[in-house]
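Colleague: Handing you this structure, nothing more for now.
The values are calculated or read from the model by the stated rules, or taken from the named source; none is laboratory data. Values in this document were obtained by computation on a predicted structure and should not be read as measured data. Cβ atoms come from the backbone with ideal geometry, glycine included; neighbour counts cover every protein chain shown.
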Amino acid sequence: MKKEYFQLFVLAIIGFSFSSCALIFNGTRQSVSVKSMTQGSKIYIDGNYEGNDCVSMKLKRDRNHSVIIKKEGYQTEAMNIDSHVQPGWVAYGVLNNFALITDAVTGAWNSLDKTNIVVELEPNLTKKA
């Protein structure tokens with residue numbers, strides 16, 4: 001009986017040492033929403049057309065992303081969504097070597113700096129001669 005408990009304990013320790021908290025809790029993607037208050041605006045993320053006016057999607061945490069919102073007759077709005085490492089997950093990873101490797105490779109310990117973007121485009125004020 002004691003041997004079975006010991007084996008269970010050892011399996012639990014092995015399982016814990018191969019766990020990766022950031023991957024489990026964060027995942028490799030993060031939800032981001034982009035909304036234009038200017039009706040009919042086109043939204044591009046990383047150069048790909050994603051929709052008009054309002055887009056919600058899950059972006060990879062391990063890289064930076066670009067957002068462009070445009071409409072004819074209005075100034076184009078461009079911005080970056082930057083990825084950065086969350087220090088708390090790195091500290092945990094240092095204590096648990098396997099988690100350090102897994103979270104670094106998958107990018108799960110990263111976070112995107114913008115998750116809710118709301119923009120109103122400004123009309124072009126160029127006068128025609």
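Colleague: Quick one: is G51 over 27 Å from F25 (Cα atoms), at pLDDT 95 or above, in contact with a strand residue (DSSP E or B) (Cβ under 8 Å, 6 or more places away or on another chain) and exposed (fewer than 14 other Cβ atoms within 10 Å of the Cβ)?
Modeller: It is false that G51 is over 27 Å from F25 (Cα atoms), at pLDDT 95 or above, in contact with a strand residue (DSSP E or B) (Cβ under 8 Å, 6 or more places away or on another chain) and exposed (fewer than 14 other Cβ atoms within 10 Å of the Cβ).
Colleague: Shifting gears a bit: Exactly one of these conditions fails for S41: (1) over 19 Å from T102 (Cα atoms); (2) of a type in the set (S, T, N, Q); (3) modelled with pLDDT under 90. Give me its number.
Modeller: Failed condition: (3).
Colleague: To continue, here is another question. Would you be able to say whether some residue in the stretch 42-49 is more than 18 Å from the chain's Cα centre (by Cα) and not in a strand (DSSP E or B)?
Modeller: For the stretch 42-49, residues more than 18 Å from the chain's Cα centre (by Cα) and not in a strand (DSSP E or B): absent.
Colleague: Can you name every residue in the stretch 56-78 that is closer than 30 Å to T102 by Cβ and not in a loop (DSSP other than H, G, I, E, B)?
Modeller: S56, M57, K58, L59, K60, H65, S66, V67
Colleague: Additional query: If a residue must be surrounded by fewer than 17 Cβ atoms within 10 Å (Cβ to Cβ) and not in a strand (DSSP E or B), how many such residues does the stretch 29-41 contain?
Modeller: Qualifying residue count, the stretch 29-41: 3.
Colleague: Looking only at the stretch 91-114, which residues are under 17 Å from the mean Cα position of the chain (by Cα) and modelled with pLDDT under 65?
Modeller: Within the stretch 91-114, no residue meets the criteria.
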